[in-house]
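A.B. asks: Okay, here's the structure, questions in a sec.
Please treat every number below as a calculation from the coordinates, not as lab data. In this text the structure is predicted, and so the values were computed from the model without any measurement. Please note: Cβ atoms are built from the backbone with ideal geometry, for glycine as well, and neighbour counts cover all protein chains shown.
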Amino acid sequence: APPRKKLSLPQLMSPAAPLVMVTAYDHAQARHAEGAGVDLILVGDSLGNVVLGYDSTAQVTLADMLHHARAVRRGAPQTFMVVDLPFGTYQLGTEEALRAAVQLVQEAGADAVKLEGAAPNDLACVRRISAAGIPVMGHVGLLPQTATAQGGLKVQGKDEASARRTLEGAAALQEAGAFSVVLEAIPAALAALITERIQIPTIGIGAGVECDGQVLVYHDILGVYEGPVMKMVRRYAEVGQISREALSRYAAEVRERSFPAEANSFGMTDGVLEKLY
Ligand code: KIV
Ligand code: NA
């Protein structure tokens with residue numbers, strides 16, 4: 001499908017069909033996502049896990065996000081790009097959060113930023129950044145940046161207190177000015193209730209089919225990593241296997257001198273070689 005024109009904020013806020021969001025972290029991935037016609041690209045701080053090999057998204061820095069978001073922007077100039085505010089850029093207060101958001105807009109071309117949680121400071125940051133004219137996406141449910149405090153990477157909103165906190169958090173993010181909210185790893189029925197209760201679009205990951213949109217991590221969709229996959233993921237390809245098989249064939253052909261072939265090699269102007277002997 002030919003790439004569409006970048007969707008406007010009003011279009012994203014009243015989608016005709018479920019919103020499609022995928023993460024991307026570099027130029028080639030961004031080109032693939034734009035070529036596939038996704039509605040939004042998320043430069044997620046999952047960058048830390050799937051690209052940089054960190055243990056936790058809490059190790060990702062603003063410099064990391066800027067570096068990768070710039071590459072994504074160049075690869076997908078016509079796709080609405082949301083960039084995660086990494087841990088530490090909004091915990092110290094609203095001014096520092098706004099400064100980080102401005103940097104992501106000015107230096108990387110972000111169309112919007114995303115931050116995790118709905119605690120008083122998180123809401124204040126959403127209010128400050130959106131009031132400055134930068135659209136903010138919220139994120140409730142499982143919050144990877146502070147997963148330790150949530151007792152690990154676990155499904156949220158199963159009991160009444162947690163479900164109520166998640167529902168009220170999503171509503172408070174809307175009230176603070178968020179244009180959309182990610183619902184991560186919560187029961188499908190709770191996600192459906194939240195989607196019914198708030199006006200801004202909900203984008204689910206492990207949150208059932210009733211959300212206004214879905215998001216998945218690029219590497220998960222493509223099966224870049226072999227091995228077991230989380231329940232909330234569906235793998236659409238086995239790129240890890242394809243990659244390993246291709247690299248093994250390359251290695252074998254180099255070792256047996258069947259690569260490069262003549263077709264991969266450059267010839268010389270007639271008669272020149274004789275002069276060198
Ligand atoms: O960083 C990320 O990939 C995310 C999505 C899973 C929502 O925040
Ligand atoms: Na993230």
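A.B. asks: Through the Karplus equation 6.51 cos²θ - 1.76 cosθ + 1.60, θ set to phi - 60°, convert the phi angles of the range 263-277 into ³J(HN,Hα) values in whole Hz; use x for Gly and Pro.
C.D. replies: So the Karplus estimates, Gly and Pro as x, are 4, 9, 10, 9, x, 10, 4, 3, x, 5, 4, 4, 5, 7, 7 Hz.
A.B. asks: Let me ask something else. Can you tell me the orientation of helix 62-75 relative to the chain, as the angle in degrees between its alpha-carbon axis and the longest Cα principal axis, to the nearest 10?
C.D. replies: That works out to roughly 60 degrees.
A.B. asks: Continuing with this model, one more query. Which angle between 0 and 90 degrees, to the nearest 10, do you get for helix 239-255 versus the longest principal axis of the chain when only C-alpha atoms count?
C.D. replies: Orientation of helix 239-255: about 20 degrees from the principal axis.
A.B. asks: Place +1 on the Cβ of every Lys and Arg and -1 on the Cβ of every Asp and Glu in the chain, take the dipole about the Cα centre, and give the residue among Ala69, Leu85, Gly35 whose Cα lies farthest towards its positive end.
C.D. replies: Positive-end residue among those listed: Gly35.
A.B. asks: Okay, moving on. Just to check I understand the Karplus step: with θ = phi - 60° and J = 6.51 cos²θ - 1.76 cosθ + 1.60, what whole-Hz values come out for the range 149-164, glycine and proline as x?
C.D. replies: Each residue's phi maps through the Karplus curve to give 5, 8, x, x, 7, 10, 4, 10, x, 7, 8, 4, 5, 5, 5, 5 Hz.
A.B. asks: Calculate the dipole size of the range 9-241 relative to its Cα centre from +1 charges on Lys and Arg beta carbons and -1 charges on Asp and Glu beta carbons; express the result in debye to the nearest 20.
C.D. replies: With Lys and Arg at +1 and Asp and Glu at -1, about 100 debye.
A.B. asks: On to the next question. Which ³J(HN,Hα) values, rounded to whole Hz and listed in residue order, are derived for the range 113-124 from phi using the Karplus coefficients 6.51, -1.76 and 1.60 in 6.51 cos²θ - 1.76 cosθ + 1.60 with θ = phi - 60°, glycine and proline given as x?
C.D. replies: Listing the rounded values in order: 10, 10, 9, 9, x, 9, 6, x, 5, 4, 5, 4 Hz.
A.B. asks: Continuing with the same structure: Want the number for Ala263 to Ala119: 0.36 nm per residue separation, take away the alpha-carbon distance, what's left?
C.D. replies: Once the chain is fully extended between Ala263 and Ala119, it gains 45.7 nm.
A.B. asks: Additional query: Go through Lys114/Lys158; Lys114/Lys231; Lys6/Lys114 and tell me which ones have a Cα-Cα distance over 20 Å in this structure.
C.D. replies: Lys114/Lys158; Lys114/Lys231
A.B. asks: Let me ask something additional. Compute the angle between helix 188-197 and the longest alpha-carbon principal axis of the chain, please, reported from 0 to 90 degrees and rounded to the nearest 10.
C.D. replies: 60
A.B. asks: Shifting gears a bit: Between Leu19 and residues 5 or more places away or on another chain, which pairs have amide H atoms under 5 Å apart, with H built 1.01 Å from N, and which residues are they?
C.D. replies: It is Gly213, Gln214, by chain and number.
A.B. asks: When the helix-only estimate is applied to the chain (DSSP H runs of n ≥ 4, each -39,500 (n - 2.57), divided by the residue count), what is the mean residue ellipticity at 222 nm, nearest 500 deg cm²/dmol?
C.D. replies: Calculated from helices alone, the mean residue ellipticity at 222 nm is -12000 deg cm²/dmol.
A.B. asks: While we're here: Please report the relative contact order for the chain, taking Cα pairs under 8 Å with a sequence separation of at least 6, and give it as a percent rounded to a whole number.
C.D. replies: Reported relative contact order: 14 percent.
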